[in-house]
Amino acid sequence: MNIGQAAKASGVTAKMIRYYDEIGLVRPTSRTDANYREYGEREINELRFVRRARSLGFSVAEITLLLSLWRDRNRPSREVKAIADRHLADLDTRIAEMTAMADTLRELSRCCAGDDRPDCPILADLTGEGRVTAAADQG
């Protein structure tokens, strides 16, 4: 199938397929006499794999490792688990950081009158003129 058909079958846009090919994330496909890429079931499965991994937030480097392990039928699953566990720890850290940011902004917004007066605790916090609460110090 051609790249448009591969895009439809895999759920990955043609532009992203070209990018993944360019950076070597997916293996090179065969080419027609006119030098067009040809995609088979193997390539479609790899593209679906990449799409799902991206939807879980894995980086291109992590996906490269995961694809390599997926292709190796003799791999130990502990290597795959280690990649997933590192990624999960990173996600948990980012979630905690974002929760702290949201709490801080929520408190700053609560303290702002939002009226016609010029004084604003949100702007004061952003300029370092003062923190409203301990929640602001977490961010």
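Bear in mind that the values in this text are calculations on the coordinates, not laboratory data. Just so we're clear, the structure is a prediction, and the values are computed from it rather than from any experiment.
The HN-Hα couplings worked out from phi for segment 54-69 by the Karplus form 6.51 cos²θ - 1.76 cosθ + 1.60 (θ = phi - 60°) are 5, 5, 8, x, 5, 6, 4, 4, 5, 5, 4, 5, 4, 4, 4, 5 Hz, whole numbers, x standing for Gly and Pro. Can you classify segment 37-139 as rounded, prolate or oblate using the Cα gyration tensor, where a ≥ b ≥ c are the square roots of its eigenvalues, rounded means a/c under 1.5, and otherwise it's prolate if a/b beats b/c and oblate if not? Prolate.
Applying the Karplus relation 6.51 cos²θ - 1.76 cosθ + 1.60 with θ = phi - 60° to segment 22-28 yields 3J(HN,Hα) values of 4, 8, x, 5, 9, 5, x Hz, where x marks Gly and Pro. Rounded to the nearest 10 degrees, the angle from helix 77-111 to the longest Cα principal axis of the chain is 30 degrees.
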